[in-house]
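Single-structure report; data block below.
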Amino acid sequence: MSDDWPLFEVFIRARSGLEHKHVGSLHAADARMAIEHARDVYTRRQEGVSIWVVRSSEIAASDPEEADALFEPARDKVYRHPTFYAIPDEVKNL
Amino acid sequence: MYTQALDSPTPAVRPESAGQPALERRFEERIERDEKIEPKDWMPEAYRQTLIRQISQHAHSEIVGMLPEGNWITRAPSLRRKAVLIAKVQDEGGHGMYLYSAAETLGIARAELLEQLLDGRAKYSSIFNYPTLTWADVGAIGWLVDGAAIMNQIPICRCSYGPYARAMVRICKEESFHQRQGFEIMLALARGTPQQRAMAQDALERWWWPSIMMFGPSDASSKHTAQSMRWRIKRFTNDELRQRFVDVTVPQAEFLGLTIPDPALHWDEAAQHYLTGPIDWSEFKAVLQGNGPCNEERIQARRKAHEEGRWVRDAAAAHAAKHGRVRA
């Protein structure tokens with residue numbers, strides 16, 4: 001296998017109704033080959049019903065160094081969760 | 001998360017051009033087996049159009065729905081209530097975004113959907129054309145309007161179109177705090193001073209019937225129900241969902257010690273349901289046709305936001321063109 005082949009990220013839909021999930025990556029000359037390889041590499045045991053591939057270089061990712069700044073502010077917003085609200089036990093279906 | 005306009009490595013022949021009856025039959029069989037239809041699957045044009053209409057109306061409702069509640073952010077009675085209300089309105093915006101994305105998987109552009117909303121062609125839930133006159137309205141909206149929305153949305157989590165169903169799962173999960181915060185507000189008012197109780201009662205009186213009407217026209221006069229149920233976009237009829245809502249909400253109102261503004265409302269022992277008096281559909285139609293108390297105001301607010309945000313969109317595009325190397 002040539003290192004010149006670009007890297008593709010592979011997403012598999014496990015079964016009807018579910019979203020595609022990232023499962024890994026592989027090298028291929030083009031998208032068609034990437035799908036064929038993904039089928040062989042990632043779905044040998046019926047792991048999927050649909051494959052997406054995307055050039056890894058096309059993916060923009062958040063900076064791990066900035067994780068705190070990005071995600072920490074959600075931590076004290078407990079009121080976004082239903083359990084934050086005290087509803088008397090007698091009240092049903094809420 | 002949905003990807004629009006997926007590229008196939010080798011473009012397939014547009015399926016509409018050949019083998020239509022066979023494709024139609026296969027589609028029906030898949031629906032019958034409760035399989036999900038996905039963006040790249042063949043689907044009848046009417047199914048596609050029905051979904052575009054329904055999902056985009058749903059998205060518009062979320063976005064327009066930010067306005068009546070947003071009205072009270074600056075006047076929330078405490079910092080806690082304010083933080084909660086901001087979080088809720090923010091969620092509604094997010095829900096609109098999930099839904100626009102789901103609609104876009106059907107081959108319509110976001111810009112086109114927004115244009116339909118802003119020029120008045122698109123509809124959105126009639127409930128958001130009513131004003132929020134007091135703080136109690138924020139409670140009543142959470143309790144009743146979000147309660148009705150949840151009742152409507154939970155079955156859509158099982159709808160036949162994959163992207164819509166998945167968006168709904170996410171929305172329903174996030175929605176669960178909305179109703180509880182609303183009920184909490186109502187409870188605080190109901191247990192408060194006589195003036196606060198009166199405020200809660202007044203809000204219930206104004207929001208009850210519009211909430212009941214949120215489920216749409218009665219089954220007898222609903223244009224779309226039968227086909228949507230065959231396609232498993234809808235799982236229950238408008239009247240079935242409305243009845244469920246009434247059944248769970250009446251005891252909640254009793255707990256609050258508030259009176260539902262319907263003298264005919266009663267428990268029917270034989271039916272095992274609370275039965276309501278007749279619904280004034282002329283009001284529903286009038287509001288839907290643009291003659292509600294706030295139709296004009298809502299669309300004006302959306303247009304204003306769109307216009308005033310233009311320079312931001314232009315600046316972002318200019319910046320991306322100058323510096324952005326999106327592609328390697």
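Run the Debye formula on the Cα coordinates of segment B:182-262, all scatterers equal and no solvent, and tell me log10 I(q)/I(0) at q = 0.13, 0.14, 0.24 1/Å.
So the normalised log intensities work out to -0.51, -0.57, -1.08.
Across the residues of B:134-142, average count of Cβ atoms on other protein chains within 10 Å?
That average works out to 0.
Using just the C-alpha positions of the protein assembly as shown as equal point scatterers, what log10 of I(q)/I(0) does the Debye formula give at each q in 0.10, 0.11, 0.12 1/Å?
-0.82, -0.98, -1.13
Note the per residue figure in Å³ for the convex hull of the C-alpha positions in segment B:127-273.
Cα-based convex hull of segment B:127-273, divided per residue, equals 122 Å³.
Determine which lysines satisfy two conditions relative to residue B:173: a Cα distance under 23 Å, and not lying fewer than 8 residues away in the same chain.
Within the straight-line limit of under 23 Å, residue B:173 reaches these lysines: A:21, A:77, A:92, B:36, B:82, B:88, B:234.
Would you kindly compute the Cα radius of gyration of segment A:1-46 and its largest Cα-Cα separation (Dmax), both in Å?
When restricted to the Cα atoms of segment A:1-46, Rg and Dmax are 11.2, 36 Å.
What does segment A:32-94 give for Rg and for Dmax, in Å, if only its C-alpha atoms count?
21.9, 60
For segment B:255-310, what does the equivalent ellipsoid look like in terms of its semi-axes, each the square root of 5 times an eigenvalue of the Cα gyration tensor, given largest first in whole Å?
Square roots of five times the eigenvalues give 39, 15, 10 Å.
Based on the Cβ-Cβ distance from residue B:41 to residue B:118, what FRET efficiency comes out when R0 is 25 Å, to the nearest 0.05?
According to the calculation, E is roughly 0.20.
Using modelled amide H (1.01 Å from N, peptide plane; none on Pro or chain starts), what sits under 5 Å from the amide H of residue A:27, excluding residues fewer than 5 places away?
A:8
What is the ratio of the Cα radius of gyration of chain B to 2.2 N^0.38 Å, with N the residue count, to two decimals?
1.09
Tally Lys and Arg at +1 and Asp and Glu at -1 over the other residues with C-beta under 12 Å from the C-beta of residue B:276: what net charge comes out?
-4
Can you tell me the length gained on complete extension of the stretch residue B:230 to residue B:87, counting 0.36 nm per residue apart and subtracting the Cα distance?
47.8 nm
R0 = 45 Å: FRET efficiency of residue B:158 with residue B:310, Cβ-based, nearest 0.05?
Once rounded, the FRET efficiency stands at 0.70.
Just tell me how shielded A:41-53 is by partners: mean number of partner chain Cβ atoms within 10 Å of each residue's Cβ, no decimals.
1
So what's the gap between the Cα centers of segment B:284-315 and segment A:1-45, to the nearest angstrom?
Cα centres, segment B:284-315 to segment A:1-45: 44 Å.
In whole Å, what three semi-axes, largest first, describe the equivalent ellipsoid of segment B:72-158 built from its Cα gyration tensor (square root of 5 times each eigenvalue)?
Those come to 27, 16, 14 Å.
Residue B:221 versus residue A:60, label points 7 Å from Cα toward the beta carbon: distance in nm?
Placing both labels 7 Å beyond Cα along the Cβ direction yields 5.0 nm.
If you take each beta carbon of peptide B:189-198 and count the beta carbons of other chains within 10 angstrom, what is the mean?
0
With a cut-off of at most 14 other beta carbons within 10 Å, and DSSP calling the residue loop, which trypsin sites (Lys or Arg not before Pro) in segment A:50-85 qualify? Please list them.
Of the trypsin sites (Lys or Arg not before Pro), the ones in loops of segment A:50-85 whose Cβ has at most 14 other Cβ atoms within 10 Å are A:75, A:77.
Taken together, the values in this text are just the output of simple stated rules run on the coordinates, not laboratory data. Being a predicted model, the structure only gives us computed values, none of them experimental. So basically every Cβ, Gly included, is an ideal-geometry build from the backbone, and we count neighbours across all protein chains shown.
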